[in-house]
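Trainee: Handing you this structure, nothing more for now.
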Amino acid sequence: MKVRTCADETPCFWQWPNVLGIDAALIAVSWYWLLLPNDTIFPIIPALVLALSVWLTYLADRLFDVRGKELAELRSLRHRFVAQNKKSLWSFWWFLLLINLSLALKGLSEPQLLRGLFLLFVTLVYIFGVQKIKSALFQKELLVGLIFSAGVLIFQSHPPHWLLPPALVFLFTGNCLLVTEFDPSRENNSRQTICRLPNPTPLMIGIAALLATLCLPIALSAVVLLLGIYLFRHVLGSENGRILADAALLLPPLLSLI
């Protein structure tokens, strides 16, 4: 059976979470849940604030990406969808931003709110910086890994193991780099390398594996899957490869349910 991967086709049903950006929100909340102490009741309001914040960030990034571009210039399904619906998505974005701010002001503790505001500032700098600063000086994947890791940890009530934050940074950065490997235009691969490394993707994932072994062994399941996707990246379509790379991050939370 032939798998549809062309960017100009209607997304398959299993591609919609990635096209809409809700897979990133689901990954963030699932890791937030995974890292909670065993006896903790799941905090609904912080989880909602985290999910909405991640979704708003990803959508804003895509909306700025398509600004001033013709539909024919956009190669990925997610960017074509955003370009075709940008007016409606901007309206929805502002509506959800107001809801998210209301939830944060009413449902977060003062320390959580202060940490969230600081991360919001960093995220805004990232969103606008990635549009303005030369990519050679702006390590997008590394910054996404840092911000995503901070988002997962920011509402935790207990200090994490000291190796956990760097483990998450390397894991999420490796994921972002792997997603970039499936860029149809391959524009970013040659100019956004971390520390000028020729191929940092397996290195980031490998370091994540080492750190996860010491502080969060269940994360090794995601590492193994990411490495497998990397090894077979040339036979996977661009859309399918990106979706599989992101879906790999859901494996540790799913395994923890068993």
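Read the figures in this text as sums done on the coordinates, not as results from a lab. In this text the structure is predicted, and so the values were computed from the model without any measurement. Ideal geometry is used to build each Cβ from the backbone, glycine not excepted, and the neighbour counts take in all protein chains shown.
Trainee: Which helices count as membrane-span-like in the chain under these terms: full DSSP H, at least 27 Å along the axis by C-alpha, Kyte-Doolittle mean of -0.5 or more?
Mentor: Passing helices, by number: 44-65, 86-107, 110-132.
Trainee: What residue among Gly129, Leu250, Ala209 has its Cα farthest toward the positive end of the dipole of the stretch 13-255, where the charges are +1 on Lys, Arg and -1 on Asp, Glu, each on the Cβ?
Mentor: Projecting each Cα onto the dipole axis, the largest value belongs to Gly129.
Trainee: Let me ask you something else. Within 10 Å, count the other beta carbons around each residue, average over each peptide in 23-32, 37-46, and list them highest first.
Mentor: 23-32, 37-46
Trainee: Return a whole-number percent for the relative contact order of the stretch 13-255, with Cα pairs under 8 Å and 6 or more residues apart as the contact set. The partial results should precede the final answer.
Mentor: Details: 261 pairs, mean separation 49.7, N = 243.
The value is 20 percent.
Trainee: Order these by the 10 Å Cβ neighbour count, fewest first: Thr173, Thr213.
Mentor: Details: Thr173 26, Thr213 14.
Ordered by Cβ neighbours within 10 Å, fewest first: Thr213, Thr173.
Trainee: Quote the charge dipole size of the chain about the Cα centre in Debye, to the nearest 20; the model charges only the Cβ of Lys and Arg (+1) and of Asp and Glu (-1).
Mentor: Result for the chain is approximately 540 debye, rounded to the nearest 20.
Trainee: Given the DSSP H assignment, sum -39500 (n - 2.57) over each helix run of at least 4 residues in the chain and divide by its residue total; what's the result at 222 nm in deg cm²/dmol, nearest 500?
Mentor: Theoretical 222 nm ellipticity from helices: -21000 deg cm²/dmol.
Trainee: Follow-up. At 25 °C and 0.890 mPa s, grab the translational diffusion coefficient of the chain from Stokes-Einstein with a Kirkwood Rh over Cα pairs, rounded to a whole number in µm² per second.
Mentor: 130 µm²/s
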